[in-house]
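The values are calculated or read from the model by the stated rules, or taken from the named source; none is laboratory data. Everything quoted here is computed from the prediction, not taken from an experiment. As a convention, Cβ positions derive from the backbone with ideal geometry for all residues, glycine included, and neighbour counts pool all protein chains shown.
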Amino acid sequence: MKQYDVFISYRRSSHESANLIATRLRAAGYRVFFDLETMRSGPFNEQLFNIIESCDDFVLVLPPNALDRCHDEDDWVRKEVLHAMEHRKNIIPILLRGFQWPKTMPAGMEKLCMYQGVATSIDYFDLAMERLESYLKSRKYTRQRVLARWICMIIMGLIVLSSALLLLCRLLAKPVCEEVVENLTLKIGVVDLLIADNNMLAEAWTKYSTQSQEDVELYVEIAKKNLSEYDMGVANPINLSSWQKFLLSIYGTSATQLANIDEYVSSLQLQLNKNIELIQNTIAQSQLRPSEYDMVRNQLLLYPCLGESLYYSYLSILNKFPESSLDGYYQLAPMLENMPKTGLGLKNSEYELLIKRSNEKGKGVIKSLADGVSNTKDAVYELEQKLDSINQAALAQYRAFVESVAIKAGESSYSNWNKILVLASTLQVAIEMQKEALAEGEDMGSITPQLVLSDINNALDDFKAYHNVVFIEAAKEFYKQLLAGKVTGGVLVYEFAANRKHEVYQIGDIIVEWNGEDIDNLEMLKQSYAKSSSGKLKLLRLCSNSLKEMEIEIPGGEDIVAFVDLVCQK
């Protein structure tokens, strides 16, 4: 049995910060290897490599200029990082205040800056630690109970059996995932080349007024030749059997999603050909009006936005697959020159927002086209239709996300409530996006806060049906007020101890203030309660289908109340 889950690599200059991180992770229940000094005092210890190999997570603490010495092949931090990368460990860089990625990375460590890192400082240390824990693959270590009732053993046996079946299915799904990764990666590689050709045309077009027509025609011919040499067969769908489709669904991917990407790649190939034809037809005119010049320019500027949206959809699919099936992606990623630098490791909701932002960027290009080209309404309409299809794809991705966090019978109330919190977090992001869109005078798009609120209400109805609770209407009213900007957070009175009743609280009460301190989440309530278990608090109570603000006195005493968050802790 392995001794450690998390390996912490650091330099002497960051010993204090690294020690603080190690202490916090150990206190949270992780098994951390940190005592490196004695092992590094002599020749680089082979045992250190064995420990890195046994750990699931590799935390790299980076103070300012931490990578300068890594150009030296004998540098111990370099050896540790390369060994972790070689064994595909979950590498999490911790960026201390003042650290900057060098322009030239040490040889062999070029991929290091692509891993999802955590920026931290003394002021935001707790927030950074929460984010670090969310990136860890390791689980907190807890001891199993020695005794359990026989019925629990039966239940556990069934759980183990179902887990074993799921594990078996996941193992069987790995070759399918690898095939999908290779297929999609090939298509993304082609899209990267298509964008490169489009950008070459865009650069030539910006200089069209200062160079000869023959120069532009030369670039057009190069793009046409390249386009004819690309394998048009990469857009063919993967032929999957019903069994393979089932195995793929274990990782949250459907054949429909793959077909959408196939169609998208084909449309990008066709669109580049249309751009080439548009340039040829435009320069064939005896006189080129400014409106016609701007139309071609904006068509070329729109193209990379479409490619970005496809790339984020590709990452959102791969992000669900096992790490062992992603070799194709890791081989391709460093060679992509025209795609965003974002890699794997984000939450699915974050990828959805990135897709939305790409669509919004494309919409800005279309708006520029519409404002500057008054005589090309047909072209504007075509681009708007194309953007609408992109928005529909984003909405489909959002629907898949909502389905992935659906309330399910048989799951614990704690697990299902965490899904409510995920939707609440999405609502908060959608509200902020709407504020930004309104401030910039832009359209919010299809994923509105009102849509997310409707999905939260549906999830709350399902939660009530499965868990027979009485506070659902209070929660619905809270999220309605959250959308209206009347509240920012609160803690819900979830239940009382069995056969007990609190002398002040009611199930469904929402605490928003304790002894003059605002309460947005459960952690804030715990901190205020630790100062004083009695005193004056402000709460929201459902009365006549609306939340009424009340101030009451709490005498303190025995704790018989269970609370839960209504929004995710920040």
Inter-residue pairs, beta-carbon under 7 Å, first touching a residue at least 24 places away in the same chain (Cβ under 8 Å) and in the stretch 461-489, second of a type in the set (D, E, K, R) and in a loop (DSSP other than H, G, I, E, B), 6+ apart: 488/520; 489/520
Quick one: what pairs do we get from the stretch 102-130, first residue over 14 Å from residue 88 (Cα atoms) and in contact (Cβ under 8 Å) with a residue 12 or more places away in the chain, second among the hydroxyl-bearing types (Ser, Thr, Tyr) and assigned to a loop (DSSP other than H, G, I, E, B), C-beta under 6 Å, 6+ apart or different chains? 128/120
Which of the residues belonging to the stretch 469-486 are part of a loop (DSSP other than H, G, I, E, B) and touching a strand residue (DSSP E or B) at 6+ places or on another chain (Cβ under 7 Å)? 471
Number of positions in the stretch 115-125 that are outside any loop (DSSP other than H, G, I, E, B) and at pLDDT below 90: 2
Can you list residue pairs whose Cβ atoms sit under 6 Å apart, with the first residue in the stretch 543-570 being surrounded by fewer than 12 Cβ atoms within 10 Å (Cβ to Cβ) and the second being charged (D, E, K, R) and outside any loop (DSSP other than H, G, I, E, B)? Count only pairs 6 or more apart in sequence or on different chains. 548/541; 551/538; 553/536
Cβ-Cβ distance below 9 Å, separation of 6 or more or different chains: which pairs start in the stretch 2-14 with a residue that is of a type in the set (Val, Ile, Thr) and end on one that is surrounded by 24 or more Cβ atoms within 10 Å (Cβ to Cβ) and part of a helix (DSSP H, G or I)? 6/25; 8/21; 8/25
Among the helices (runs of 4 or more DSSP H) lying completely within the stretch 1-105, list those that include at least 1 residues that are in contact with a Lys or Arg (Cβ under 7 Å, 6 or more places away or on another chain) and surrounded by fewer than 20 Cβ atoms within 10 Å (Cβ to Cβ). 46-54, 76-86
Top-ranked residue in the stretch 494-517 [being at pLDDT 90 or above and assigned to a strand (DSSP E or B); ranked as surrounded by the fewest Cβ atoms within 10 Å (Cβ to Cβ)]: 517
Examine the stretch 357-371 for a residue that is modelled with pLDDT of 80 or more and in the same structural domain as residue 208 (by TED's automatic domain parsing), and state whether such a residue exists. yes
I'd like to check something: does the stretch 71-84 contain any residue that is over 27 Å from the mean Cα position of the chain (by Cα), hydrophobic (A, V, I, L, M, F, W, C) and modelled with pLDDT under 90? yes
Taking the criterion of being within 38 Å of the chain's Cα centre (by Cα) and in a strand (DSSP E or B), would at least one residue in the stretch 550-560 satisfy it? no
Report the residue count in the stretch 445-468 for those that are in contact with a helix residue (DSSP H, G or I) (Cβ under 7 Å, 6 or more places away or on another chain) and in a loop (DSSP other than H, G, I, E, B). 4
Residue 235 versus (1) surrounded by fewer than 15 Cβ atoms within 10 Å (Cβ to Cβ); (2) among the small types (Gly, Ala, Ser); (3) at pLDDT below 70: which is the lone unmet condition? (1)
Name every residue in the stretch 523-537 that is closer than 14 Å to residue 509 by Cβ and under 35 Å from the mean Cα position of the chain (by Cα), in order of residue number. 525
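Every residue, every condition in (1) under 25 Å from residue 312 (Cβ atoms); (2) out of contact with any His (no Cβ under 8 Å at 6 or more places or on another chain); (3) modelled with pLDDT of 75 or more, yes or no:
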| residue | (1), (2), (3) |
| --- | --- |
| 190 | yes, yes, yes |
| 205 | no, yes, no |
| 216 | no, yes, yes |
| 221 | no, yes, yes |
| 230 | yes, yes, no |
| 245 | yes, yes, no |
Check off (1) over 18 Å from residue 48 (Cβ atoms); (2) of a type in the set (Asp, Glu); (3) surrounded by 19 or more Cβ atoms within 10 Å (Cβ to Cβ) for residue 126 and give me the number that stays unchecked. (3)
